[in-house]
Amino acid sequence: MTNSSKVVSDRAAISRTVLSSLAEHAPEIAPVLEKTLFPEGTPPNLTVADLVRALQSLLESATEAMTAADLAHTRELADDVAPRALLDERAGILNALLLSLRTTLASTYGPAVAAAYGIPTQIPEEVETLLHVAVMVERRLRTRPLDEPPKIKSLAIAPQAVAEDLGMAIASLRSSLSVVDRERREAQVSQSAKNLAMSRWLAIYQGVATTACGLYALAGKAELVDGIRPTARRLSGLPEEEDTAPSTERPHLRG
């Protein structure tokens, strides 16, 4: 099962502190807030308890959306592992094929012949550069006659046959590169969605936590404020000690 990243799980822990506090204390502070905010009576069809529950629901929804976006991005990154491994494998095969071809040409026909087919002394490892070199070598194998006599006849090569092998290796590498590029684009999309969800969470968390602190203060429950205050650490995504404590150890109303 995929787990949330630490940066998101820390924020979720901060949310849980506020959510659990609101869930526990909403029924107690609502009547006091109704009298404080509406001394002439609460408007029809609206209660402060509804307001507190709406705040709780809003933060809960933003936290769930952020967590879901994080998990989606994590899964997207995991999907990229196999295609990248296959890309590396196919790049290694093409690299080895070019190296083997250069070695054979140089030892059987001479270094000048190897150079004539465009094979560099150092085979590139970067995929795009490797493909560029391989395509050029394949083209020369198909168009340049190998008229030079081999030093050892049994080691003679057939340029067209080698070109076919090289062409298949190039096609395989291009296919893998296309898949990896697609996965990279999808990861960028999921990263953007995650960033957006985290930004929305921060705005909502700050608003809800600040509002909750104000409501507690208005209800005469200032002792509850410190437990959920949007501190600098929390706003930067780092939980306070009480955010990671078991729910049974979080501060409750006293008597």
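Read-outs: derived from the displayed coordinates by stated rules, not from any lab. Predicted model, so just to flag it, every value in this text is computed and none were measured. Here the Cβ positions follow ideal geometry from the backbone for every residue, glycine too, while neighbour counts run over all protein chains shown.
Positive contributions from Lys and Arg (+1) and negative ones from Asp and Glu (-1), summed over other residues with Cβ under 9 Å from the Cβ of E76, come out at -3.
Using alpha-carbon positions, what is the distance between the centroids of the range 109-156 and the range 165-238, in Å? Using only Cα atoms, the two centres lie 50 Å from each other.
Per-residue ellipticity at 222 nm computed for the chain from its helices equals -25500 deg cm²/dmol, with DSSP H segments shorter than 4 residues left out and the rest contributing -39,500 (n - 2.57). Of the labelled options (i) 19.7, 65; (ii) 20.8, 63; (iii) 32.8, 107, which one gives Rg and Dmax of the Cα atoms in Å as computed for this structure? Comparing each candidate, only (iii) matches the computed number. If you plug the beta carbon distance of K35 and A232 into 1/(1 + (r/R0)^6) with R0 = 41 Å, you get a FRET efficiency near 0.75.
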